[in-house]
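S.K.: One structure is given below, represented as structure tokens, and several questions about it will come after.
The values are calculated or read from the model by the stated rules, or taken from the named source; none is laboratory data. This structure is a prediction, so every number in the text was calculated from the model and none was measured. Virtual Cβ from ideal backbone geometry, glycine too; neighbours counted across all protein chains shown. Remember, those area values only see protein heavy atoms, side chains included, never the ligands or the DNA or RNA. Shrake-Rupley method; radii C 1.70, N 1.55, O 1.52, S 1.80 Å.
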Amino acid sequence: RKNTASRVALVSKIIAGLSSSVEPDELLFDTIIVAVDKLGYTELSDTIGSLLNDAVRKSGKDICFFLRRMDFALKLNKRIEGEAGLEYLEAAINDMSRHGLTHVIVDSAAAVSTIVNMVATYDDIDLSNMVEACLDFFHHGTAHQSLQTMLDRTHLLEQLLTTEKFGSLQSSLVEFAADFTQRAKFFTIQGSKAKLEGEGRHMFVQATAFVIEFGAQTGWDEFGKYTIKSVDLFSAFVDAVMSVSGLALLRDVLNKCLLQYSITDHDTSIHSWTVKKPNEPIIPPTPSLHVQKVLELCPGIVQTVDKEKRLPLHYAAASATASFDVFMTIFEANKDAASIRDPATGLFPFQLAASNGNYAASFSLLLANPNIVSSAVDDDDAPDVSDRKRKRSS
């Protein structure tokens, strides 16, 4: 008994003697776990509580600091009776939300790896609160995050979805889609291109898929402007999407992000898209050159419908920012689409274009197919647009 008591006293002194500026690393936490295994939790509970409750230690720390504490709490929980271990876990989660530095994430890859490993290791424990807190932590630090951190967040979301333990993660995915497009304008062209052509390719394309599925038009606009900043970036992006995901994602990017903008917009590097040949005049790019490149790679893309049964021409006609050149490029590639009503509105493309102020495009469609006017008036099978609106509102 004396032996045990003296060992408990020694271990307690070692733990209590830690400077408030020094947090136990994973090795020391594991050493404490070994001490608990040998000496019992009851004898060391006060000392462990003092260590974890020290307010000075918690202030202004990185996410990895709190993740180590969460992992320690989960290991401790396996060794003690009652809810004490899980109480330590909840305390670490709350401390991270209250004291963590969201604008400084030293090693996002390590943080994500730790979270994923904990989810896999402690399969029998509900870690929903921990996962939600970690996702919130990343979200609140968006304004300071690099492209690599955003891709690490993508990896985390992908892994969590794969486990099927945390539901759809709908709100977190919506937040991520907005965060990624918000940060995109700050990513360097060379940095993005390097990721798209290297090991970051899969995660970049997965981030794009999240943006398309869970984003909104404001974010899609920002993402579209970002992808056409330079011809080299755009080429790397399109190649990555096709090699990792395929035609369906590229079609959705075209419909929601690319048709709305032109190479000649002020956000684009016109210089990089300009054709230059020795001893010949400089040829400025056409506004729809980015769309033309997509059509050259995938000619049939304009004939494929998305999950809403809409064609690229419907999206071009529905956009108030699509240039006449972009619109006509899509039309010339699939003229039959001009006689197909938009499932979302019940309007023909010429009507849809006119309703969005693109009168030149609307007039060009009518010139190409004047009979479409009678179809718009006489088609008994046409959906009732007002009825559609009533159904949506109900």
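S.K.: Could you work out the Kirkwood radius for the stretch 118-165, taking every pair of different alpha carbons, averaging 1/r and inverting it, reported in Å?
M.R.: Over the stretch 118-165, the inverse of the mean reciprocal pair distance is 11.7 Å.
S.K.: So, one more: Translational diffusion coefficient of the stretch 41-98 at 10 °C, 1.306 mPa s, Stokes-Einstein with Kirkwood Rh over Cα pairs, in µm²/s as a whole number.
M.R.: Translational diffusion coefficient: 137 µm²/s.
S.K.: In square nanometres, what is the average projected area of the Cα convex hull of the stretch 226-360?
M.R.: Mean projected area of the Cα convex hull: 8.5 nm².
S.K.: Too long at a 20 Å Cα-Cα cut-off: which of 195/276; 229/277; 256/307; 309/335; 195/229?
M.R.: Among 195/276; 229/277; 256/307; 309/335; 195/229, the Cα-Cα distance tops 20 Å for 195/276; 229/277.
S.K.: Which value in deg cm²/dmol, rounded to the nearest 500, describes the helix-derived mean residue ellipticity at 222 nm for the chain, given -39,500 (n - 2.57) per DSSP H run of n ≥ 4 and division by the residue count?
M.R.: It comes out at -19500 deg cm²/dmol, rounded to the nearest 500.
S.K.: Next question. Taking R0 as 22 Å, what FRET efficiency do you get between residue 34 and residue 56 from their Cβ-Cβ distance, rounded to the nearest 0.05?
M.R.: It comes to 0.25.
S.K.: Determine the shape class of the stretch 144-206: with a ≥ b ≥ c the square roots of the Cα gyration tensor eigenvalues, call it rounded for a/c under 1.5, and otherwise prolate if a/b is greater than b/c, oblate otherwise.
M.R.: In terms of gyration-tensor shape, oblate.
S.K.: When the convex hull of the Cα atoms of the chain is projected onto a plane and the area is averaged over all directions, what value comes out in nm²?
M.R.: 25.7
S.K.: Give me the distance in nm between label points sitting 7 Å out from Cα along the Cα-to-Cβ direction at residue 247 and residue 94, one decimal.
M.R.: Placing both labels 7 Å along Cα→Cβ, they lie 5.6 nm apart.
S.K.: Here's something else I'd like to know. May I ask you to give the average projected area over all directions of the convex hull of the Cα atoms of the stretch 15-133, in nm² rounded to one decimal?
M.R.: 7.1
S.K.: Which order do the peptides 139-148, 52-61 take when ranked by the mean count of other beta-carbon atoms within 10 Å per residue, highest first?
M.R.: In descending order of packing, they fall as 139-148, 52-61.
S.K.: If each of residue 239 and residue 197 carries a label point 7 Å out from its Cα toward its Cβ, how far apart are those two points in nm?
M.R.: 0.7
S.K.: Going highest first, how would you order 66-72, 121-127, 341-347, 6-12 by mean Cβ packing within 10 Å?
M.R.: Ranked from most to least packed, the peptides come out as 66-72, 341-347, 6-12, 121-127.
S.K.: Okay, next question. If I take every Cα pair under 8 Å that is 6 or more residues apart in the chain, average their sequence separation and divide by the length, what percent do I get for the relative contact order?
M.R.: Reported relative contact order: 8 percent.
S.K.: Using Cα atoms only, what is the angle between the long axis of helix 108-121 and the major principal axis of the chain, expressed in degrees (0 to 90) to the nearest 10?
M.R.: It works out to around 70 degrees.
S.K.: Sort 78-88, 214-224, 250-260 by packing, meaning the average of other beta carbons within 10 Å per residue, with the highest value first.
M.R.: Top of the packing list down: 250-260, 214-224, 78-88.
S.K.: If each of residue 132 and residue 276 carries a label point 7 Å out from its Cα toward its Cβ, how far apart are those two points in nm?
M.R.: In this crude label model, residue 132 to residue 276 measures out at 5.5 nm.
S.K.: How many percent of the accessible area of the chain is carbon or sulfur, using a 1.4 Å probe?
M.R.: With neighbouring chains kept in place, the figure for the chain is 52 percent.
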